[in-house]
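Please treat every number below as a calculation from the coordinates, not as lab data. Here the structure is a predicted model, which is why all the values come from computation and not from measurement. Cβ sites come from the backbone with ideal geometry, for glycine too, and all protein chains shown count toward neighbours.
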Amino acid sequence: MNKKVLSGIICLVIIVIIFVPLGLKMGTSNMFNTLMNTAHDLLLNTVFYLLAVCVLTGALGKILIEFGVVDLLEKILRPIMKPVFNLPGVASLGAILTFLSDNPAIIALAKDKQFSAYFKKYQYISLTNFGTSFGMGLLVIVFMMGQGYYAEPLIGFIGAIIGCIISTRLMQFLVIKDYPRFKEENALDQSENIKLESAEDNQEAKDNSSRKSLFQRILDSLLDGGKDGVEVGMSVIPGVLIISTFIMILTFGPSANGYTGAAYEGVGVLPWIGDKLSWFFNFLFGFNDPHLIAFPITALGAVGAALGLIPNFAAHGWLDANAIAVFTAIGMCWSGFLSTHTAMLDTLKYRSLTSKAIISHTIGGVFAAIAAHFGYMLFALFL
């Protein structure tokens, strides 16, 4: 049988398995109306809010880069990179850039030969896990603070760092185990080695930027950063509308009047699963409601989509301070890695190691959430 025909049949079977039970439960018309109404409400009340946050955080990030705050942070963080993450000091720049933007930023940096020249192959490959752990970090933290929580997102940030350490070092261990030679081989072949930019060249570039007036530098940074923020905000729209809509239909139940086709109606599958495993999620993450497992499931594919769940969690009274800390940790650490890791490793030309990266990062994200939960419990003792 032709491969395309076979894949088409498999696709149709999957669609039938997913949507026929939903249609039978909700009614076909109600199901489609709920999907459209939920997506529309998410677009108006969540996506545009996320877009605004992206624009503001993008502007802030550009200001930090333009006026040397990023360079300052990189110099401060550089000494801890080797003992904590087993990475060269320059990797701290990757953490900062992904924190200010998104996890693929680490790949753009890794493709720079002046940057990658500092790494052994096993360290270079682990950059996928390292950078992903900080992806969209500023957006996640600012969004959580926008919900009225301040200490909890910072606890979650610490949890994400712990998850990053576990994910990065586990990835390095798995790579060396299968490819021992990568421990000694440089990320760049000798034929690819290039002369690094001199300090004078770097200084000249900075001098060219500083010739602009202070007002012009501020204005350019704000506008350019805001423009970058728009691109990030636009990129989260498909994830929020597609993934969040589908997750919500699996999270919520019928309205008081049954199935009417209104937004946020559903079949309640995830809470049912969460209720059966409530002892497990309560112990590890401190979740006090089974609906909350929808966030980490969504964060696997897109953290922007996961953030789209927060307003509805809050409206239903399911959200608490512990959940904010855990969501921040797992949202940052995972930051939609299932949808990006394959492409990231493919770009680095190590596609065969994708499964190791995914396993390592899944474990890292779980430990990030656990660390945030127990960190919040410790914090709550001193309140």
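Structure notes:
- Helix axis angle, 3-26 relative to the chain longest principal axis, alpha carbon, degrees: 50 degrees
- Debye intensity ratio in log₁₀ form over the Cα atoms of the range 261-352, taken at each q of 0.11, 0.13, 0.18 Å⁻¹: -0.37, -0.50, -0.83
- Prolate/oblate/rounded call for the range 12-105, Cα gyration tensor, a/c under 1.5 rounded: oblate
- Cα gyration tensor shape for the range 224-300, rounded if a/c is under 1.5, else prolate or oblate: oblate
- Euclidean distance of C-alpha centroids, the range 80-123 and the range 314-383, integer Å: 19 Å
- Angle between the chain longest axis and helix 69-85 axis [Cα atoms, degrees, rounded to 10]: 80 degrees
- Computed from Cα atoms, the angle from the helix 151-178 axis to the main principal axis of the chain rounds to 70 degrees.
- Taking all Cα pairs closer than 8 Å and separated by 6 or more residues, the relative contact order of the chain comes to 26 percent.
- Positive contributions from Lys and Arg (+1) and negative ones from Asp and Glu (-1), summed over other residues with Cβ under 15 Å from the Cβ of N322, come out at -3.
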